[in-house]
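Written out below as structure tokens is the structure these notes cover.
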Amino acid sequence: MVREDRLRKGREVNPLTDIWLRTRETVRFVIDRKTAKYIILLIVLTGFASGLIGLMNTRNADMPVWVAILQALITGPIGSAFGYFLGAAILMLVGRLFKGTATYQEMFKALATAQIPQIWLLPLLIIWAFASPATFFADRTDVEGDPVVVIMSLVMGVVSVWTFVIVCKAVGEAHSVSSWKGFFIVVLPGIIIAIIVLLIVFVLFASFFNQL
């Protein structure tokens, strides 16, 4: 009965707007109702935004803006798709430690849906790139205090933080566990990688000093 009520509510969900505050309901709606075509569209749009963000601070002010836009449109979705493919596998496996039940397909859909807030940045990024390419491509230390840079940095910072919160909730929903468990599922791989890197660095330093 609870599941039927959620699905009934899901028919009223608009993923582009409801992801911000009705995250779990939106993610479940996309997992249960949306087809592969919709997920591909999300990959293209979120990847496009990620590609534009990746071109910031590159000091390529001489690059024509339309070339940068085209580059982001091509390379961004490819990079995002690879990230979703790899991330879905990792989070699906880590979730098993917390008794999560998500399939690979469900986790992939959840990750793509969780990045919807990036789509809202697209118009702002495109306008910024065309209106002020000098500040868009510039190193932030070179344009510190510029009003456009300050405002966009604040907007992107807020969106990034809230996107992380949404990702944790989305992972929790996909695994049918709490959002707090979703948080630990998301951060655990990073902690493990950090520990491995520190161990490798420690072994290398120890080996170096033993040879002295």
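Structure values in brief
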quantity	calculated
Where a residue in segment 124-136 is touching a residue at least 24 places away in the same chain (Cβ under 8 Å) and over 10 Å from Asn60 (Cα atoms) and its partner, wherever it lies, is open to solvent by 70 Å² or more (accessible area, probe 1.4 Å) and of a type in the set (A, V, I, L, M, F, W, C), with Cβ under 9 Å and at least six apart	Phe130/Trp66
Considering residues of segment 167-176 that are of a type outside the set (Asp, Glu) and touching a Ser or Thr at 6+ places or on another chain (Cβ under 8 Å) only, the residue surrounded by the fewest Cβ atoms within 10 Å (Cβ to Cβ)	Ser176
Single unsatisfied condition, Thr113 versus (1) of a type outside the set (A, V, I, L, M); (2) part of a helix (DSSP H, G or I); (3) open to solvent by 30 Å² or more (accessible area, probe 1.4 Å)	(3)
Which numbered condition Val44 misses (of (1) touching a Pro at 6+ places or on another chain (Cβ under 6 Å); (2) outside any helix (DSSP H, G or I); (3) not aromatic (Phe, Trp, Tyr))	(2)
Odd one out for Thr101 among (1) exposed (fewer than 14 other Cβ atoms within 10 Å of the Cβ); (2) touching a residue at least 12 places away in the same chain (Cβ under 8 Å); (3) assigned to a helix (DSSP H, G or I)	(3)
Count - residues of segment 177-212 that are within 17 Å of Thr101 (Cβ to Cβ) and open to solvent by less than 40 Å² (accessible area, probe 1.4 Å)	5
Count of residues meeting criterion [at pLDDT below 95, open to solvent by 50 Å² or more (accessible area, probe 1.4 Å) and among the aliphatic types (A, V, I, L, M)] in segment 22-66	3
Enumeration of residues in segment 184-212 that are farther than 30 Å from Arg28 by Cβ and either assigned to a loop (DSSP other than H, G, I, E, B) or in contact with a helix residue (DSSP H, G or I) (Cβ under 9 Å, 6 or more places away or on another chain) (or both)	Gln211, Leu212
Test result for Thr141, modelled with pLDDT of 95 or more, among the polar types (S, T, N, Q) and either assigned to a helix (DSSP H, G or I) or open to solvent by less than 60 Å² (accessible area, probe 1.4 Å) (or both)	no
From Lys169, Lys181, residue being part of a helix (DSSP H, G or I), within 30 Å of Pro123 (Cβ to Cβ) and of a type in the set (D, E, K, R)	Lys169
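The rows are residues; the columns are (1) modelled with pLDDT of 95 or more; (2) β-branched (Val, Ile, Thr).
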{"position": "Ala170", "(1), (2)": "yes, no"}
{"position": "Ile191", "(1), (2)": "no, yes"}
{"position": "Ile195", "(1), (2)": "no, yes"}
{"position": "Leu199", "(1), (2)": "no, no"}
{"position": "Val203", "(1), (2)": "no, yes"}
{"position": "Phe209", "(1), (2)": "no, no"}
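The values are calculated or read from the model by the stated rules, or taken from the named source; none is laboratory data. Given the structure is predicted, the values throughout are model-derived calculations rather than measurements. Note that we place each Cβ from the backbone using ideal geometry, even for glycine, and neighbour counts take in every protein chain shown. These area figures cover heavy atoms from the full protein model, side chains too; ligands, DNA and RNA do not enter into them. Shrake-Rupley method; radii C 1.70, N 1.55, O 1.52, S 1.80 Å.
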